[in-house]
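**Q** What follows is a single structure, and I will ask about it in a moment.
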Amino acid sequence: MITAKGYGTKHSFTDLKPYQFERQEAGAHEVEIEVLYCGVCHSDIHQAKNEWSNTVYPCVPGHEIVGRITRVGAHVGKHAVGDLVGVGCMIDSCRQCEPCKSGEENYCESPNSWLATYNGPMVPASQADGENIYGRDNTFGGYSDIVTVNEDFVLKIPAGLTPEVAAPILCAGVTTYSPLKHWQVKAGDKVGVLGFGGLGHMAAKIAKAMGAEVTVFTRTKEKLDEAARLGFAGVLEDDKKALEQLAMSFDFMLSTVPEKHDINPFIALLKRDATICVVGALDTMKGVDNQELAFHRKNVSGSLIGSLADTQEVLDFCAEHGIGPDIEIIPIQQINDAYKKVIKGDVRFRYVIDMASLKDEKDDFATF
């Protein structure tokens, strides 16, 4: 076993605190990674606070991990000691179901679905008739100094990306790239992005790099200014006149808003046969006007993160096109304040934790 140190919580109502725990040493097909940077995703907050009612405690968040391999198992062939690599939302899947065999591990249909980088199987044993194909009910994420991961679920960070910029691409990047790719967004398409936070600004950058004309929809004047600074047209969500002028004009829309919200005003903006895809909110959404859908054969859909192939593609795509998230680097000691600012929408646009700051930790590492 390996002694690991990080930040975690044992309750939904307590802050993240220094936490010491154990990880398995690298097995034959696994690598050990010294974590250099870890992005802060809004889902980390949902999970730490049990807002999806599925959190396994203790909870050590973090699924936007970039680090350097320090040890490889005896049969590892894809990576070597010293490689700069990334780990996203998944660290394993069943490998046997149809989605897994077709390279879409993020839609794993096994009884437990895929194994999340933290919080254990997506479908816990209690919801799978007591079955747990992975043999563990909890996993600990990248708010820590070291992770152990199967080599198949480790991504290569291309030379064109710095490690701190690469980190959020492993979730925010692939979560937006995957639907843009699936619905075949191309040069000349008109794309709308609803929400302009961590996911939204990546969606806008990626769609623009694909050649699309991008319009951002946001609730605040400040975000309109940010959109303009980054070269995007912007519209306030409650500007009814502006929305009316954009009716039936978009080839694709992507909602990145992380809470429940009404998508009906934006369905009206879609062209015939066009799609609005919701990736930000994992909630029961307000009902849609089916007349609006039926009369123009429009589509409402969802998309869940992205496959391993999608994740490697978006890393390479961002390196090739010279794009990446706008980030603010913080020490781990500021994580609780960072959560508060993310909830308020005060971050532009993605916090990234410098995990070297763990070495400066003055508090004792609890074992919960």
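The values are calculated or read from the model by the stated rules, or taken from the named source; none is laboratory data. Bear in mind the structure is a predicted one, so any value in this text is a computation, not a measurement. Methodologically, a virtual Cβ is constructed for each residue, glycine included, from the backbone with ideal geometry; neighbour enumeration extends over all protein chains shown. Each accessible area value is taken on the protein alone, full model and side chains, heavy atoms only, with ligands, DNA and RNA left out. Shrake-Rupley method; radii C 1.70, N 1.55, O 1.52, S 1.80 Å.
**Q** Write out, first by first residue and then by second, each pair whose Cβ atoms fall under 7 Å of each other, whose residues are 6+ apart or on separate chains, and whose first residue, in segment 146-164, is closer than 23 Å to Glu105 by Cβ while the second is of a type in the set (Lys, Arg) and open to solvent by 30 Å² or more (accessible area, probe 1.4 Å).
**A** These pairs meet every condition: Glu151/Lys78.
**Q** May I ask you to say which residue of Ala242, Ala207, Ala228, Ala212 is without any contact (Cβ under 8 Å) to a residue 60 or more places away in the chain, open to solvent by 30 Å² or more (accessible area, probe 1.4 Å) and aliphatic (A, V, I, L, M)?
**A** Ala228
**Q** Of the conditions (1) of a type outside the set (Ser, Thr, Tyr); (2) in contact with a Leu (Cβ under 7 Å, 6 or more places away or on another chain); (3) part of a helix (DSSP H, G or I); (4) in contact (Cβ under 8 Å) with a residue 40 or more places away in the chain, Leu199 clears all except one; give me its number.
**A** (2)
**Q** From the list Ile305, Ile343, Ile329, exactly one residue is open to solvent by less than 50 Å² (accessible area, probe 1.4 Å) and among the aliphatic types (A, V, I, L, M). Which is it?
**A** Result of the check over Ile305, Ile343, Ile329: Ile305.
**Q** Can I ask one more? Where residues in segment 258-283 are closer than 16 Å to Leu180 by Cα and part of a loop (DSSP other than H, G, I, E, B), which of them is modelled with the lowest pLDDT?
**A** If we take residues in segment 258-283 being closer than 16 Å to Leu180 by Cα and part of a loop (DSSP other than H, G, I, E, B), then Gly280 is modelled with the lowest pLDDT.
**Q** How many residues are open to solvent by 80 Å² or more (accessible area, probe 1.4 Å) and in contact with a strand residue (DSSP E or B) (Cβ under 6 Å, 6 or more places away or on another chain) if we restrict to segment 74-106?
**A** Counting residues in segment 74-106 that are open to solvent by 80 Å² or more (accessible area, probe 1.4 Å) and in contact with a strand residue (DSSP E or B) (Cβ under 6 Å, 6 or more places away or on another chain) gives 1.
**Q** Across segment 14-29, which residue is most open to solvent (accessible area, probe 1.4 Å) among those that are farther than 14 Å from Thr367 by Cα and over 23 Å from the mean Cα position of the chain (by Cα)?
**A** Only one residue tops the list, namely Gln24.
**Q** Do we have Ile45 as open to solvent by less than 20 Å² (accessible area, probe 1.4 Å), of a type in the set (Val, Ile, Thr) and either part of a helix (DSSP H, G or I) or under 19 Å from His11 (Cα atoms) (or both) here?
**A** Yes.
**Q** Give me the residue from segment 1-37 that is in a strand (DSSP E or B) and of a type in the set (Phe, Trp, Tyr) and, out of that set, nearest to Arg136 (Cα to Cα).
**A** Phe21
Conditions tested, residue by residue: (1) within 24 Å of Val235 (Cα to Cα); (2) in contact with a strand residue (DSSP E or B) (Cβ under 7 Å, 6 or more places away or on another chain); (3) at pLDDT 95 or above.
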| position | (1), (2), (3) |
| --- | --- |
| Ser126 | no, no, no |
| Gly130 | no, no, no |
| Val154 | no, yes, yes |
| Gly173 | yes, no, yes |
| Val191 | yes, yes, yes |
| Leu194 | yes, yes, yes |
| Gly197 | yes, no, no |
| Gly200 | yes, yes, yes |
| Lys208 | yes, yes, yes |
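**Q** Can you tell me how many residues within segment 309-368 are of a type outside the set (D, E, K, R) and not in a helix (DSSP H, G or I)?
**A** 18
**Q** Checking Val123 against (1) in contact with a Ser or Thr (Cβ under 9 Å, 6 or more places away or on another chain); (2) part of a loop (DSSP other than H, G, I, E, B); (3) closer than 25 Å to Ala26 by Cβ, which single condition isn't satisfied?
**A** The number of the failed condition is (3).
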